[in-house]
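One structure is given here, and the rest of the page talks about it.
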Amino acid sequence: MSDPEPAISDDARSRDEDAEGGLAALVRAREARIRRLRDRGIDPYPGRSDRTHATAEAVAAFLELEATGEDEGPNDVVVAGRLVGAIRHMGGSAFVHILDGSGQLQLHLRKNRMGPEAFADFKDLFDSGDFVAATGGMFRTRKGEVSLAVDHITMLAKSVLPLPEKWHGLRDVETRFRQRYLDLISNPEVRARFTARTAVVRAMRLFLDERGFIEVETPVLQPIYGGGAAEPFTTYYNALKQQMYLRIADELYLKRLIIGGFERVYEIAKDFRNEGVDRTHLPEFTQMECYWAYADYTDMMALTEDMVATIAQSVNGSTSVELDGKPIDLTPPWRRLSVRDAVREATGIDIDRHTTFKALRARIHELHVHADAQPTWAKTVDELLSEHVEPNLWQPTFLVDYPVALSPLAKRKPNEDGYVERFEPFAGGFELGNAFTELNDPIDQRSRFEEMARMRAAGDEEAHPLDEDFLEALMYGMPPTAGLGIGVDRLVMLLTGQPNIREVVLFPQLRQAR
């Protein structure tokens with residue numbers, strides 16, 4: 001196999017087709033090839049194919065033989081995948097790459113090896129983008145690229161539309177998100193990112209399973225939504241003749257399982273919140289929630305930092321990651337910082353000294369601190385956190401001990417009136433999750449639900465609704481319990497160095513194209 005490798009050039013036939021009228025002409029030409037395939041008795045979309053090796057396996061097998069002194073083989077290798085890049089013709093030979101799930105491999109097609117008729121069929125009927133199976137023997141070209149010398153090539157699925165930019169890469173963000181399949185074809189780093197996402201979820205499950213947590217499933221459609229402060233999506237259940245809600249969290253059902261006797265449970269599932277979209281928020285998102293009986297929020301902090309570091313080590317081989325060119329060290333222990341201290345350090349405002357909405361707004365105005373108007377004291381504190389604290393929490397930090405008004409489902413801190421045992425983990429300037437020692441006092445829980453109901457009546461559409469069924473369950477008794485929710489999408493953002501959540505969700509919802 002010593003034929004010189006040709007210089008890379010565009011496929012002349014593609015240039016001619018483009019000149020004839022652009023995309024429409026190219027599609028017509030490919031449809032004509034489909035008809036020619038059928039006329040020759042060849043199915044352009046067969047239902048099955050054979051494959052002996054993935055491309056990476058074929059390369060590995062060749063390298064193993066090469067190490068023994070062989071310069072060719074194995075032979076009778078069958079690979080299958082998509083033709084990508086320009087098909088480079090030079091006289092009686094052609095080069096093109098084939099892409100499969102493991103990588104890509106160069107194919108070398110020669111008239112005197114395949115036979116004149118088969119080689120002519122390839123030139124006439126095959127295009128970049130087609131799925132094919134290729135049979136032949138492995139060798140290394142003079143330029144050093146491990147390749148397959150093709151004996152036979154079979155059409156598996158004819159591509160009617162061309163790949164984007166003739167394989168120079170797809171970069172338009174709108175197209176990448178709307179047509180993720182083109183993004184995956186064109187950008188191998190995107191495929192690697194979503195492979196990493198799968199590895200993150202797998203490692204998370206393994207971590208929890210090994211610590212005695214059991215995975216469960218809870219309803220997506222709920223008669224009363226709960227477990228967070230958010231506006232729900234609504235739907236209608238025809239069989240039950242009632243309005244239902246897509247869950248905003250799994251919390252209240254998972255707590256019912258703790259009440260029922262399970263001691264460690266978790267769920268990795270889709271949740272839905274009818275809210276805005278930004279670089280860390282999508283209305284449809286994936287969350288892991290776990291609940292741990294006979295534990296508190298300090299136990300859960302230790303589990304959280306251990307879990308994130310373990311997942312990072314498993315997926316990336318290191319507990320160090322990089323985001324926006326800046327390093328983040330996920331090695332435990334992480335910093336602990338109270339909400340009161342965080343707000344005071346960032347703004348000069350002591351929320352313990354300004355405990356009414358009017359007093360807090362006056363202090364904000366006095367110090368010229370920027371904070372968008374909010375309807376309540378609690379939401380104003382949350383605004384100060386979002387605006388002045390959270391973006392600066394770059395290294396892993398637990399923000400701990402939240403005001404009770406911000407945490408209707410968390411247990412009060414002993415001897416610290418107005419605060420609860422709650423934490424949120426941050427890294428890279430954004431929140432990764434939410435956790436607390438769970439409120440298990442049904443009287444206190446009813447009181448907080450009733451306060452939320454008053455807030456809803458005053459116009460706060462995100463206030464938690466009163467859930468009588470959950471209160472009844474809680475009255476049977478729930479042991480001391482710690483709960484944690486981790487945003488899987490955000491964790492993947494952190495571990496893959498992506499600043500935008502839509503880069504780690506395969507099919508993010510977008511406004512309909514007009």
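Could you list all residues from the stretch 356-372 that are under 22 Å from His281 (Cβ atoms) and over 32 Å from the mean Cα position of the chain (by Cα)?
At the first step, the residues of the stretch 356-372 found to be under 22 Å from His281 (Cβ atoms) are 370-372.
Correct list: His370 only.
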| query | In the stretch 45-60, which residues are out of contact with any strand residue (DSSP E or B) (no Cβ under 8 Å at 6 or more places or on another chain) and assigned to a helix (DSSP H, G or I)? | reply | Glu57, Ala60
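Only one residue in Pro391, Pro403, Pro375 is surrounded by fewer than 23 Cβ atoms within 10 Å (Cβ to Cβ) and more than 32 Å from the chain's Cα centre (by Cα). Which one? Walk me through how you get there before you give the answer.
On the way: Pro391 fails: more than 32 Å from the chain's Cα centre (by Cα); Pro403 fails: more than 32 Å from the chain's Cα centre (by Cα).
Checking each option against the conditions leaves just Pro375.
Do the conditions hold for Met244, that is, is it surrounded by 18 or more Cβ atoms within 10 Å (Cβ to Cβ), more than 19 Å from the chain's Cα centre (by Cα) and assigned to a strand (DSSP E or B)? Show your work before the answer.
Working: surrounded by 18 or more Cβ atoms within 10 Å (Cβ to Cβ): yes; more than 19 Å from the chain's Cα centre (by Cα): yes; assigned to a strand (DSSP E or B): yes.
For Met244, the condition - surrounded by 18 or more Cβ atoms within 10 Å (Cβ to Cβ), more than 19 Å from the chain's Cα centre (by Cα) and assigned to a strand (DSSP E or B) - is met.
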| field | Which numbered condition Leu208 misses (of (1) in the same structural domain as Lys270 (by TED's automatic domain parsing); (2) in a helix (DSSP H, G or I); (3) surrounded by fewer than 18 Cβ atoms within 10 Å (Cβ to Cβ); (4) under 21 Å from the mean Cα position of the chain (by Cα)) | value | (3)
| said: What pairs come out if I take residues in the stretch 129-153 that are over 17 Å from Gly103 (Cβ atoms) and assigned by TED's automatic domain parsing to the domain that holds Arg113 and pair them with residues that are of a type in the set (Asp, Glu) and part of a strand (DSSP E or B) whose C-beta lies under 8 Å away, six or more apart or interchain? | reply: Thr135/Asp151; Gly136/Asp151; Gly137/Glu72; Gly137/Asp151; Phe139/Glu72
| said: Pairs please, first residue from the stretch 422-445 and more than 22 Å from Leu494 (Cα to Cα) and in contact (Cβ under 8 Å) with a residue 12 or more places away in the chain, second anywhere and assigned to a loop (DSSP other than H, G, I, E, B) and of a type outside the set (S, T, N, Q), Cβ atoms under 6 Å, 6+ apart in sequence or on different chains. | reply: Thr437/Asp296; Thr437/Lys411; Leu439/Leu409; Leu439/Lys411; Asn440/Met478; Gln445/Leu439
| Inter-residue pairs, beta-carbon under 8 Å, first in a helix (DSSP H, G or I) and in the stretch 184-195, second of a type in the set (S, T, N, Q), 6+ apart | Arg193/Thr496; Arg193/Gln498
| remark: The number of residues in the stretch 476-514 that are part of a helix (DSSP H, G or I), more than 14 Å from Ile311 (Cα to Cα) and out of contact with any strand residue (DSSP E or B) (no Cβ under 8 Å at 6 or more places or on another chain) is 2
| query | Counting only residues that are among the aliphatic types (A, V, I, L, M) and more than 34 Å from the chain's Cα centre (by Cα), which one in the stretch 454-477 is farthest from Phe262 (Cα to Cα)? | reply | Ala458
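Residues that are assigned by TED's automatic domain parsing to the domain that holds Tyr291, over 17 Å from Ala342 (Cα atoms), in contact with a Pro (Cβ under 9 Å, 6 or more places away or on another chain) and assigned to a strand (DSSP E or B): does the stretch 436-448 have at least one?
Quick first cut of the stretch 436-448, residues assigned by TED's automatic domain parsing to the domain that holds Tyr291 only: 436-448.
Filter again for over 17 Å from Ala342 (Cα atoms), leaving 436-448.
Subsequent filtering for residues that are in contact with a Pro (Cβ under 9 Å, 6 or more places away or on another chain) retains 437-440, 445, 448.
Then drop every residue that is not assigned to a strand (DSSP E or B), which leaves 437-438.
For the stretch 436-448, residues assigned by TED's automatic domain parsing to the domain that holds Tyr291, over 17 Å from Ala342 (Cα atoms), in contact with a Pro (Cβ under 9 Å, 6 or more places away or on another chain) and assigned to a strand (DSSP E or B): present.
Do we find that Ala249 is surrounded by 14 or more Cβ atoms within 10 Å (Cβ to Cβ), in contact with a Gly (Cβ under 7 Å, 6 or more places away or on another chain) and in a loop (DSSP other than H, G, I, E, B) in this structure?
Details: surrounded by 14 or more Cβ atoms within 10 Å (Cβ to Cβ): yes; in contact with a Gly (Cβ under 7 Å, 6 or more places away or on another chain): yes; in a loop (DSSP other than H, G, I, E, B): yes.
Answer is yes for this residue.
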| task | Of the numbered conditions (1) in contact with a helix residue (DSSP H, G or I) (Cβ under 9 Å, 6 or more places away or on another chain); (2) at pLDDT 95 or above; (3) in a helix (DSSP H, G or I), Leu63 fails exactly one; give the number of that condition. | result | (1)
| request: Determine whether Gly483 is surrounded by fewer than 19 Cβ atoms within 10 Å (Cβ to Cβ) and assigned by TED's automatic domain parsing to the domain that holds Val404. | output: no
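Return the only residue of Gly487, Gly428 being modelled with pLDDT of 95 or more and either more than 21 Å from Phe272 (Cα to Cα) or among the charged types (D, E, K, R) (or both).
Numbers: Gly487 fails: either more than 21 Å from Phe272 (Cα to Cα) or among the charged types (D, E, K, R) (or both).
When all the criteria are applied, what remains is Gly428.
Can you find a residue in the stretch 350-358 that is assigned to a helix (DSSP H, G or I) and either surrounded by 15 or more Cβ atoms within 10 Å (Cβ to Cβ) or not aromatic (Phe, Trp, Tyr) (or both)? Don't jump to the end; show me each part of the working.
Taking the stretch 350-358 and keeping what is assigned to a helix (DSSP H, G or I), we get 357-358.
Now restrict to residues that are either surrounded by 15 or more Cβ atoms within 10 Å (Cβ to Cβ) or not aromatic (Phe, Trp, Tyr) (or both): 357-358.
Yes, that holds for at least one residue.
From Arg412, Arg422, which residue is out of contact with any Ser or Thr (no Cβ under 8 Å at 6 or more places or on another chain) and either of a type in the set (Lys, Arg) or assigned by TED's automatic domain parsing to the domain that holds Ala249 (or both)?
Details: Arg422 fails: out of contact with any Ser or Thr (no Cβ under 8 Å at 6 or more places or on another chain).
Exactly one of Arg412, Arg422 is out of contact with any Ser or Thr (no Cβ under 8 Å at 6 or more places or on another chain) and either of a type in the set (Lys, Arg) or assigned by TED's automatic domain parsing to the domain that holds Ala249 (or both), namely Arg412.
Restricting to the stretch 268-302, give me the number of residues that are within 22 Å of Arg211 (Cβ to Cβ) and crowded, with 22+ Cβ neighbours inside 10 Å.
Residues of the stretch 268-302 within 22 Å of Arg211 (Cβ to Cβ): 268-269, 286-302.
Next cut, crowded, with 22+ Cβ neighbours inside 10 Å only: 287-292, 297, 300.
The qualifying residues number 8.
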| The one condition in (1) farther than 19 Å from Gln104 by Cα; (2) surrounded by 14 or more Cβ atoms within 10 Å (Cβ to Cβ); (3) out of contact with any strand residue (DSSP E or B) (no Cβ under 9 Å at 6 or more places or on another chain); (4) aliphatic (A, V, I, L, M) that Leu182 fails to fulfil | (1)
| message | For the condition part of a loop (DSSP other than H, G, I, E, B) and within 28 Å of Lys255 (Cα to Cα), what is the one hit in Thr218, Thr198? | response | Thr218
| message | What's the number of the only condition in (1) part of a loop (DSSP other than H, G, I, E, B); (2) surrounded by 15 or more Cβ atoms within 10 Å (Cβ to Cβ); (3) free of Cβ contacts under 8 Å to residues at least 40 places away in the same chain that Ile42 fails to meet? | response | (3)
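The values are calculated or read from the model by the stated rules, or taken from the named source; none is laboratory data. The structure displayed is predicted, hence computed values, not measured ones. When we count neighbours, we look across all protein chains shown, and the Cβ atoms used for this are built from the backbone with ideal geometry, even at glycine.
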